[in-house]
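Student: There's a structure below that I have some questions on.
The values are calculated or read from the model by the stated rules, or taken from the named source; none is laboratory data. On a predicted model such as this, the values are computed, not experimentally measured, just so you know. Heads up, the Cβs are rebuilt from the backbone with ideal geometry, glycines too, and the neighbour counts pull from every protein chain shown. The protein model used for the area step is the full one, side chains on, heavy atoms only, and it has no ligands, DNA or RNA in it. Shrake-Rupley method; radii C 1.70, N 1.55, O 1.52, S 1.80 Å.
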Amino acid sequence: MSWRAAASSPLTPRVSASVVWTGAELIVWGGRGCGEQRCDDAAAPRYDDGAAYSPSTDSWRRLAPSPLSARSGAAAVWTGGEMLVFGGDEASGAAYDPVVDRWRPLAPVAAGLGSMQAVWTGKVVLVWGGGIMATYDPVLDNWRRLAEAPLAARTDVVIAWTGREVVVWGGSAGTTYYGDGAAYDPATDRWRMLAPSPLAPRVVRGSWTGRELLIWGGESAEDARGDGAAYDPAADRWRPMATAPLGPRRGFAVTWTGKELLVWGGAGATGTFFFGDGAVYDPAADSWRPLPLAGTLHPFLFLDR
């Protein structure tokens, strides 16, 4: 396993962009930032442009202009043919087709949805919006509110589609952090509470392996976390993950490769220092190994909201 430098992006530096992987390209759209300067997030300019990166050619291309207004924190999913983007600073959406480099507007977002997170089921988009679950059908171009969740309203949850249910766990509302979760079955339009987790309440990211939901690290109040657990929805059971060779952190990048969980970067509890290391977790062996250092890649805090 090794690193290589990638071609420079044509986009202004930004955070909280909408990002999807198509199988051939990484598509990035929107977000906010102040270029190379530091500024308050609330006052940071919002962007309405995007670009796509091809690892096979190590090259970028700019996306066609979007019908959406500039925004950050918009939810995005890849359907297999289009990137669907909706919400964020405004309640509207659009679909982007990378083959023809063309956008089309989507029906207005369902009323009442707050800060949104979404998953693709293979047929529809399931959206968690603060405390409300809704579904968007790209064929019919319509939204539908779903059964009320048995969870307190919250944002920044872990959300994953298992092939049968959408699992929601953790999150926060103001200064309150949560450590409970629930699963929604669209076939029955019903929720069930998850078994109690061994993890403390937190905001964190998770990855679905095809069998388990892996959750590691994150933050709660002013504390960064360095522990993790795996949830098996078939058995409704949690197991602790082996201790990682990483310090507690929040705001790190995380991805599932098909066999292993990769964790890299992030920030400490106070947000005044950043990490430039990472590790790989193998759920079959319940073991970690350090990632090689990334050379000239700067330590960073990853933001997706």
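Student: Would you point out the residue of region 146-160, among those that are within 15 Å of the chain's Cα centre (by Cα) and modelled with pLDDT under 95, that is surrounded by the fewest Cβ atoms within 10 Å (Cβ to Cβ)?
Tutor: Keep residues of region 146-160 that are within 15 Å of the chain's Cα centre (by Cα), which gives 155-160.
Subset that is modelled with pLDDT under 95: 155-156.
On the way: Thr155: 19, Asp156: 21.
Only one residue tops the list, namely Thr155.
Student: Here is a further query. Pick from region 70-112 the residues that are free of Cβ contacts under 8 Å to residues at least 60 places away in the same chain and touching a Lys or Arg at 6+ places or on another chain (Cβ under 7 Å): which of them is farthest from Ser18 (Cα to Cα)?
Tutor: The initial filter retains those residues of region 70-112 that are free of Cβ contacts under 8 Å to residues at least 60 places away in the same chain, namely 70-72, 74-82, 84, 86-87, 89-95, 97, 99-112.
Narrowing the set further to residues that are touching a Lys or Arg at 6+ places or on another chain (Cβ under 7 Å) leaves 70-72, 89-90, 94-95, 110.
On the way: Ala70: 12, Arg71: 10, Ser72: 8, Asp89: 12, Glu90: 14, Ala94: 12, Ala95: 12, Ala110: 19 Å.
Out of the qualifying residues, it is Ala110.
Student: Just name the residue that is farthest from Leu262 (Cα to Cα) out of those in region 196-236 that are open to solvent by 20 Å² or more (accessible area, probe 1.4 Å) and of a type in the set (Ser, Thr, Tyr).
Tutor: So the residue we want is Ser197.
Here's the yes/no breakdown for (1) more than 26 Å from Ala70 (Cα to Cα); (2) modelled with pLDDT under 95; (3) surrounded by fewer than 18 Cβ atoms within 10 Å (Cβ to Cβ):
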| site | (1), (2), (3) |
| --- | --- |
| Glu90 | no, yes, yes |
| Pro98 | no, no, no |
| Pro105 | no, no, yes |
| Asp137 | no, no, yes |
| Thr162 | yes, no, no |
| Asp185 | yes, no, yes |
| Leu194 | yes, no, no |
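Student: Another question, then. Would you be able to say whether some residue in region 136-155 is touching a residue at least 12 places away in the same chain (Cβ under 8 Å) and over 30 Å from Met83 (Cβ atoms)?
Tutor: Yes - at least one qualifying residue is present in region 136-155.
Student: Looking at region 164-181 only, could you name the residues that are open to solvent by 40 Å² or more (accessible area, probe 1.4 Å) and in a loop (DSSP other than H, G, I, E, B)?
Tutor: Arg164, Gly174, Thr175, Tyr178, Asp180
Student: Is there a residue in region 166-174 that is at pLDDT below 95 and over 18 Å from the mean Cα position of the chain (by Cα)?
Tutor: yes
Student: Shifting gears a bit: Residues of region 15-46 being over 16 Å from Ser66 (Cα atoms), open to solvent by less than 50 Å² (accessible area, probe 1.4 Å) and free of Cβ contacts under 8 Å to residues at least 40 places away in the same chain, which ones?
Tutor: Scanning region 15-46 gives Gly33, Cys34, Gly35, Ala44.
Student: In this structure, does Ala7 turn out to be farther than 25 Å from Val139 by Cα, open to solvent by 20 Å² or more (accessible area, probe 1.4 Å), of a type in the set (Gly, Ala, Ser) and assigned to a helix (DSSP H, G or I)? Don't jump to the end; show me each part of the working.
Tutor: On the way: farther than 25 Å from Val139 by Cα: yes; open to solvent by 20 Å² or more (accessible area, probe 1.4 Å): yes; of a type in the set (Gly, Ala, Ser): yes; assigned to a helix (DSSP H, G or I): no.
Taking the combined requirement at face value, the residue does not satisfy it.
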